[in-house]
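A.B. asks: Encoded as structure tokens, here's the structure I'll be asking about.
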Amino acid sequence: MTETTADLFDPGADETGGGQAGPASRAIIVSYGFWIFLLSDFVLFSGLFASYAVLSHRTAGGPGGRQIFDLSRVFLETACLLASSFCCGLMSLAVEAGRARATYAGAAVTFVLGAAFLALEISEFAGLVARGDGPSRSAFLSAFFTLVGTHGLHVTCGLVWLVVMMAQVASLGFRPKVVRRLRCFALFWHALDIVWVAIFTVVYLIGAR
Amino acid sequence: MDEHANAHAAPREGAQRALRAGLVSYLIGLGLAVALTLASFWAAGTNLIWSPGVPIALAVLAIAQMGVHLVFFLHISSSPDNTNNILALAFGILIVSLVVAGSLWIMANLDANMLPMDQLMRMQR
């Protein structure tokens, strides 16, 4: 490709990027920034996954994954989170169409399914702690509680964020600012589902074997 | 990442079409994700697969499902608005694989070179 002076003064003019359209829109920039945050969150989780993978057989005489993991519960959790993610997608469509009632309905189902996931996880943790298999039992359980608990904390934050966003939709309506925040929320919620895919595969399915 | 950004500005028919296209995309994503999830849980419990190969099968299914989520739910695509997102994703994947593979490699190496615990205790005495 030969570079003419015109190309130098107007880089990307013949590309399909933002050359002719000018700078990227606010919506694209905000999504991009939030995407960078999500990737940094994935890096955080990668550290936790690495420590879990290293410590997963260090049970110190305590129970291993095969003894404590209940795959039917994990399947239910997975179904809740996936359905919640799908409803969040439907909510995004309602937001883009500017339909308030459909948005509230989508958000409500998203919230209930997310809360159901969280309840299942908390009951699993509570059962383990009650049996004396808390995070202090072995290195394996420390890593397990840290990894799965961090994901659970993210889900909790997401639920709080969802409530805040619905309050903003109710008070401010579908202003561009609110719509951008809702898009960021949707990205966050879908990203949590990606992390959960890694967790149920690495921790539960491989760990229970 | 926001294919419906212009839905407000577009005429009503265009908005309807965008809505339907979005719905179809989410439904395809859900269908694929459900199929891959079911396949994962099936593969974990079956005797049909050679058992040392099961973790590899699970890893492949998980990576496929993450790809499905990225494309159909997070709307990472090859559209020009997405170039930066994809570059950032590639960098993120690089860092994540370095952290995970590097940690496993280093710790396995240390583990293999470490004295058995009882000998270590004897030496410290």
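The values are calculated or read from the model by the stated rules, or taken from the named source; none is laboratory data. As the structure is a prediction and not an experimental result, all values here were calculated from the model. Because the Cβ atoms are built from the backbone with ideal geometry, glycine has one as well, and the counts that use them run over all protein chains shown.
A.B. asks: Could you grab me the full set of residues in the stretch B:26-59 that are under 21 Å from A:Ser85 (Cβ atoms), more than 8 Å from chain A (Cβ to nearest Cβ) and surrounded by 15 or more Cβ atoms within 10 Å (Cβ to Cβ)?
C.D. replies: Scanning the stretch B:26-59 gives B:Leu32, B:Leu36, B:Ala39.
A.B. asks: OK, next. May I ask you to list the residues in the stretch A:137-168 that are over 13 Å from the mean Cα position of the chain (by Cα), more than 17 Å from A:Gly89 (Cα to Cα) and in contact (Cβ under 8 Å) with a residue 60 or more places away in the chain?
C.D. replies: Scanning the stretch A:137-168 gives A:Arg137, A:Ser138, A:Ala139, A:Phe140, A:Leu141, A:Ser142, A:Ala143, A:Phe144, A:Thr146, A:Leu147.
A.B. asks: OK, next. Does A:Ser85 satisfy being outside any loop (DSSP other than H, G, I, E, B), within 16 Å of B:Tyr26 (Cα to Cα) and of a type in the set (Ser, Thr, Tyr)? Break it down into steps so the answer makes sense when it comes.
C.D. replies: On the way: outside any loop (DSSP other than H, G, I, E, B): yes; within 16 Å of B:Tyr26 (Cα to Cα): yes; of a type in the set (Ser, Thr, Tyr): yes.
So A:Ser85 fits the description; yes.
A.B. asks: Quick test of your reading of the structure: A:Phe174 fulfils all but one of (1) of a type outside the set (A, V, I, L, M); (2) away from chain B (no Cβ under 14 Å); (3) outside any helix (DSSP H, G or I). Name the failing condition by number.
C.D. replies: A:Phe174 satisfies all of (1) of a type outside the set (A, V, I, L, M); (2) away from chain B (no Cβ under 14 Å); (3) outside any helix (DSSP H, G or I) except (2).
A.B. asks: A further question on this structure: Could you list, in sequence order, all residues of the stretch A:120-179 that are among the basic types (Lys, Arg) and either crowded, with 16+ Cβ neighbours inside 10 Å or at pLDDT 95 or above (or both)? I'd like the intermediate steps shown before the answer.
C.D. replies: Keep residues of the stretch A:120-179 that are among the basic types (Lys, Arg), which gives A:131, A:137, A:175, A:177.
Within the stretch A:120-179, just A:Arg137 meets the criteria.
A.B. asks: Among the residues of the stretch B:64-105, write down those that are surrounded by fewer than 14 Cβ atoms within 10 Å (Cβ to Cβ), more than 9 Å from every other protein chain (Cβ to nearest Cβ) and of a type outside the set (Phe, Trp, Tyr).
C.D. replies: B:Ser78, B:Leu87, B:Ala90, B:Leu94
A.B. asks: What pairs can you find where one residue is in the stretch A:49-76 and more than 26 Å from B:Ser97 (Cα to Cα) and touching a residue at least 60 places away in the same chain (Cβ under 8 Å), the other is among the polar types (S, T, N, Q) and outside any helix (DSSP H, G or I), and their Cβ atoms are less than 6 Å apart, with a gap of 6+ or different chains?
C.D. replies: Filtered contacts from the stretch A:49-76: A:Ala60/A:Ser138; A:Gly62/A:Ser138.
A.B. asks: Only residues that are under 12 Å from A:Phe200 (Cβ atoms) and under 19 Å from the mean Cα position of the chain (by Cα): list them for the stretch A:40-76, please.
C.D. replies: A:Val74, A:Phe75, A:Leu76 - these are the residues of the stretch A:40-76 that are under 12 Å from A:Phe200 (Cβ atoms) and under 19 Å from the mean Cα position of the chain (by Cα).
Condition check ((1) within 22 Å of the chain's Cα centre (by Cα); (2) closer than 30 Å to A:Met91 by Cα; (3) among the acidic types (Asp, Glu)) across all residues:
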{"residue": "B:Thr83", "(1), (2), (3)": "yes, yes, no"}
{"residue": "B:Ile86", "(1), (2), (3)": "yes, yes, no"}
{"residue": "B:Ala90", "(1), (2), (3)": "yes, yes, no"}
{"residue": "B:Leu94", "(1), (2), (3)": "yes, no, no"}
{"residue": "B:Val100", "(1), (2), (3)": "yes, no, no"}
{"residue": "B:Ala112", "(1), (2), (3)": "no, no, no"}
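A.B. asks: Limited to the stretch A:181-209, what total is found for residues that are of a type in the set (Lys, Arg), facing another protein chain (nearest Cβ under 10 Å) and either out of contact with any Lys or Arg (no Cβ under 9 Å at 6 or more places or on another chain) or buried (at least 20 other Cβ atoms within 10 Å of the Cβ) (or both)? Working first, answer last.
C.D. replies: First, the residues of the stretch A:181-209 that are of a type in the set (Lys, Arg): A:181, A:183, A:209.
So of that shortlist, the ones also facing another protein chain (nearest Cβ under 10 Å) come out as A:183, A:209.
Okay, now just the ones that are also either out of contact with any Lys or Arg (no Cβ under 9 Å at 6 or more places or on another chain) or buried (at least 20 other Cβ atoms within 10 Å of the Cβ) (or both), so A:183.
Count: 1.
A.B. asks: Can you pull out the residues in the stretch A:82-104 that are under 13 Å from the mean Cα position of the chain (by Cα), facing another protein chain (nearest Cβ under 9 Å) and polar (S, T, N, Q)?
C.D. replies: A:Ser85 - this is the single residue of the stretch A:82-104 that is under 13 Å from the mean Cα position of the chain (by Cα), facing another protein chain (nearest Cβ under 9 Å) and polar (S, T, N, Q).
A.B. asks: Suppose we filter the stretch A:40-68 for residues that are surrounded by fewer than 18 Cβ atoms within 10 Å (Cβ to Cβ) and more than 27 Å from A:Ala130 (Cβ to Cβ); how many remain?
C.D. replies: 5
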